[in-house]
1. In nm, what is the difference between 0.36 nm times the number of residues separating R337 and F131 and their Cα-Cα distance?
2. Roughly what would the spin-label model give for F228 and L194, points 7 Å off Cα along C-beta, in nm?
3. Compute the distance from the alpha-carbon center of region 210-284 to that of region 150-194, in whole Å.
4. In nm, to one decimal, how far is the I281 label point from the Q171 one, both placed 7 Å along Cα→Cβ?
5. Along each principal axis of its Cα atoms, how long is region 209-358 end to end? Whole angstroms, biggest number first, please.
6. Could you list which residues have their amide H under 5 Å from that of I298, counting only those 5 or more apart in sequence or on another chain, with H placed in the peptide plane?
7. Can you work out the Karplus-derived ³J(HN,Hα) for every residue in region 105-120? Use 6.51 cos²θ - 1.76 cosθ + 1.60 with θ = phi - 60°, whole Hz, and x for glycine or proline.
8. Restricting to DSSP loop positions (anything but H, G, I, E, B) with no more than 12 other Cβ atoms inside 10 Å of their own Cβ, which trypsin sites (Lys or Arg not before Pro) remain in region 269-366?
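Throughout, read-outs are computed from the coordinates displayed, never taken from laboratory work. The structure presented is a predicted model; accordingly, all values stated were derived computationally and were not measured. Every residue, glycine as well, gets a Cβ built from its backbone with ideal geometry; the counts of neighbours run over all protein chains shown.
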Amino acid sequence: MSKRREARERLRRRRELAKSRKLQAKTEAFSATKASEPRDKLNAAAVTNKKEVARERQAEIDALELEVAELGRLSAPSQETTAEIERIRRAVEELKHDFYTHLGAWQRLLLARHPQRPYTDDYIRILFENFSEIHGDRNFSDDPALITGMATFHGKPVMIVGNQKGRDTKQRLARNFGQAKPEGYRKALRAMELAAKFRRPILVFVDTQGAYPGVDAEERGQAEAIAFNLREMSRLPVPIIVTITGEGGSGGALAIAVGDRVYMLENSVYSVISPEGCASIMWRDPSKAELAAEALKITAPDLLEMKLIDEIVPEPEGGAHNDHQAAAKLLEPVLARSLGELSQLAPERLIEQRYQKFRHMGQFFA
């Protein structure tokens, strides 16, 4: 009798222990779920709040500019009114400078995608002379999404490679929105090898969402063309200077961006994937693109801090799209300085430095 009672007691204790463990597991799972939900909601709320603050500040700046213009139109020209208008105008300029200095990742991405942003042909027209374009990859066809050609910069012969998106719908369709196909990357490499043969430095301007993902591009070896460019660019015995002028998207950008110096314009972005693509993969929700943009660390200050780029090139107030001439002139001394420094190095030294530069990227993850 006592043994049966002991057995029932042991069974009761085991059932209670199992029940308590099950309840504890449910409680921990529930707590983990609740703990993760607020983080996502908190991040989303933070992004939404930043967006609202940016919109309010932009509206405030626009209203002040309208008031300054109206005041200047209505006021009688006198020394006192002129001084007052100038004081208000300076205050507005300070607000604008502060606003554009502290833009979030999503706002900078929108500036990088601005349709009036200067493209490769604009930089060629403003900064270079005697440009002679090179067409075709000598294998399949010419790819208008990439511009390649010889030119002179400050009297020195150089080779230019750059993406070209196009201004209007007709141009964008013709240029495939700046998304290169395999023949584009092979054309770029052909031009670079020609530059290496004649000891010409290579200047690269990157502005693309990424390599073209169509079936025809895959059939002709898109991945192989990108991989081949990465390897061969790392071996070229001439200076390579890369500037991210707008979007630097994924392997399509990196395929022409293996350089001795990598610069980014102030409002450009450089990422392994677009925020929309990241949001679709991570959250199954493209509407979370703004949250993804913050998490991806795609802006120039973030990348400079991680030592993935060498320098940030300033832009005119409000973005490069406001003044192409000023944007090019801000970039010009940076390119000239880099060319002067790199041209003094022996080819073997250039290649070794380039290898070490990319070899040491991302060491903080190790």
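1. 72.1 nm
2. For the pair F228/L194, the computed spacing is 1.7 nm.
3. 14
4. 3.2
5. Sorted largest first, the three principal extents are 51, 42, 27 Å.
6. Long-range HN contacts for I298: none found.
7. Each residue's phi maps through the Karplus curve to give 4, 5, 5, 5, 4, 5, 5, 5, 8, 4, x, 9, 5, x, 9, 4 Hz.
8. R284
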